[in-house]
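Below: one structure, written as structure tokens.
The values are calculated or read from the model by the stated rules, or taken from the named source; none is laboratory data. No experiment lies behind these values; they were computed from the predicted model shown. Because the Cβ atoms are built from the backbone with ideal geometry, glycine has one as well, and the counts that use them run over all protein chains shown.
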Amino acid sequence: MISPAKSWFHYISPIFLSVSLLSVYLLTIAPGLTWANGGSDGGDLITAAAIGGVPHPTGYPLYLLVARCFQFLPIGSLAFRTNLMSAVATALAATLVYVSVVQTLRSCRSPRPELAGLAAGYAFGLAPLIWSQAVITEVYALQACLVALTLYLYTQPVLEFTSDQKRRDYGYGLLLGLALGNHVTTLLLIPAAFLVRSFRRPYHPEGILPTQRGWFRNGRLDGYSMRRQLVGFGVGLLIYLTIPLRALAQPPVNWGNPVTFARFWWLVSGQLYQSYYLHVGLPELYERLQAWAGMLLQQYGWPGVALALFGLIMFQMPPRLYGLTLWLAAVSVSFALFYGSVDSYVYLSPMFLSFAAWIGMGVAGLIQPVMQRSSILGFGLGLLCIGYFIGQSVTHVRLVDASHDLRAESFGREVLATAPKDAIIFAKGDQAVFALWYFHFALHERLDLLVLATDLLHFDWYQENLHVTYPTLVVPGPFPWPETIVQANPLRAICYVQYSDHAEVDCSKPQASP
């Protein structure tokens, strides 16, 4: 029987974790459109969600649906509501980390598992990399939530199958299919998740999860479970059908115009970015590993790293959690290591989820022998570990705070205020293009202007987009350049805009009088 005090602590802990993290995120969240923390794609995602458009590859159909739900909230600006989704998703992810750790420790009959769960939750939610994505519009916060949910569900004990277990197989596969609709890196998690879910072990009379030692003894793989998961996974993938449906409406933001299979595959497979992969030289690999090791120390400090290693090596975790967290860390590091973009470090987020779970196990292993001697001392040691990770966050605020970042908003307002009536705006670079799309298409400001993305002019689908969006614009083909478009539209004023460390706006009068 659980005592009243234990019951109270058991129920209040995850609520306190969620509310406190969400409060921290709300204090540091971007109030509108932002470029903070590498969030230059925010304008594209917000706009696509708001107007039923198709964002840059890989399309992110699940993200668009969830973001649109948040955009209906009657608070703040359109951008703030979408930023809020990231904050809620990250707080939920941290809570799922807490629940996974607590559930695992309860199965191992560890005393006061809530303390270890809180340490793990704060270690994850207050890590600068995770925190930085919780206060801007990007897909990584929702992905962290989906991966945390997968980790929680797939580490549930699986005995000899029952009708309930069969239904869960379909549901778990469905979750992975939907998660793939948010980000393609979910593919890296699928093999290990399907495998651990399909492994059955005999019923244990005491209901205790076995440790790594001897786990495969008398166990077996259930092929039917694998098939049920694949069926659920296939159903989840149907969310990608929303992409061509969006494209058929011919929205002004319509990457790839994926109404044919070839264009659809170009979008969802990320062919635009495939040249970034496996094009990293050995010197750069070494530099990245050095930088990430330093980042790990910055996120957690030596005590946090030591706790994680102690939890991974010394604490006898149940094999499902042990295997999935190891796999998750290994594949996320490998993908980020060989992906040649400057922001590849954001793909390390799943590794931080595993790291937080190991920290929780390390805290449990640290306080357990102390708790056996004195419950008060053990409880105090657990609180000290929690306080360490909360205290670490004080030094991280300045690294992640987006609440004062007004660059994107100021840039967009300046361009719209400066541009002459009916002007053609040639915007260069993601920051400039996506910011102007947000103001022009999502907020419907300065509808007299014609906003063109210079870097996309060579794509045939983008030329088709321009013909639909701006019927009066003459776009000479088959390979239009800004100069040829200017010559074909002599009655319109021209503006060239981009953003480096400041707004660059250069406008000229029409070449010919009307």
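Would you check if SER86 is at pLDDT below 95 and of a type outside the set (A, V, I, L, M, F, W, C)?
no
Since ASP405 meets every condition but one in (1) assigned to a helix (DSSP H, G or I); (2) charged (D, E, K, R); (3) in contact with a helix residue (DSSP H, G or I) (Cβ under 9 Å, 6 or more places away or on another chain), which condition does it not meet?
(1) is the only condition that ASP405 fails.
I need the full set of residues from region 65-94 which are more than 17 Å from SER132 (Cα to Cα), part of a helix (DSSP H, G or I) and among the hydrophobic types (A, V, I, L, M, F, W, C), in order please. Give the steps one after another, and end with the answer.
Going through region 65-94, the residues more than 17 Å from SER132 (Cα to Cα) turn out to be 65-78.
Narrowing the set further to residues that are part of a helix (DSSP H, G or I) leaves 65-71, 78.
Selection gives LEU65, VAL66, ALA67, CYS69, PHE70, LEU78.
For region 68-125, which residues satisfy the criterion of being of a type in the set (S, T, N, Q), more than 24 Å from the chain's Cα centre (by Cα) and crowded, with 24+ Cβ neighbours inside 10 Å? Steps first, please.
Just the residues of region 68-125 that are of a type in the set (S, T, N, Q), to begin with: 71, 77, 82-83, 86, 90, 95, 100, 103-104, 107, 110.
This time we only want the ones that are more than 24 Å from the chain's Cα centre (by Cα), so: 103-104, 107, 110.
Answer for region 68-125, where residues must be of a type in the set (S, T, N, Q), more than 24 Å from the chain's Cα centre (by Cα) and crowded, with 24+ Cβ neighbours inside 10 Å: just THR104.
Taking the stated definitions as given, is SER341 among the hydroxyl-bearing types (Ser, Thr, Tyr), assigned by TED's automatic domain parsing to the domain that holds LEU126 and either part of a helix (DSSP H, G or I) or closer than 26 Å to THR395 by Cα (or both)?
Working: among the hydroxyl-bearing types (Ser, Thr, Tyr): yes; assigned by TED's automatic domain parsing to the domain that holds LEU126: yes; either part of a helix (DSSP H, G or I) or closer than 26 Å to THR395 by Cα (or both): no.
No, not satisfied.
Can you spot a residue in region 280-296 that is touching a Ser or Thr at 6+ places or on another chain (Cβ under 8 Å) and polar (S, T, N, Q)?
Within region 280-296, not a single residue is touching a Ser or Thr at 6+ places or on another chain (Cβ under 8 Å) and polar (S, T, N, Q).
ASP501 versus (1) at pLDDT below 90; (2) under 23 Å from GLY256 (Cα atoms); (3) not hydrophobic (A, V, I, L, M, F, W, C): which is the lone unmet condition?
With (1) at pLDDT below 90; (2) under 23 Å from GLY256 (Cα atoms); (3) not hydrophobic (A, V, I, L, M, F, W, C) applied to ASP501, the lone miss is (2).
How many of the residues in region 20-64 are over 17 Å from TRP437 (Cα atoms) and either in a loop (DSSP other than H, G, I, E, B) or in contact (Cβ under 8 Å) with a residue 60 or more places away in the chain (or both)?
So the count comes out to 18.
Could you tell me whether any residue of region 52-71 is under 26 Å from GLN299 (Cα atoms) and in the same structural domain as SER344 (by TED's automatic domain parsing)?
The answer is no, given that none of the residues of region 52-71 is under 26 Å from GLN299 (Cα atoms) and in the same structural domain as SER344 (by TED's automatic domain parsing).
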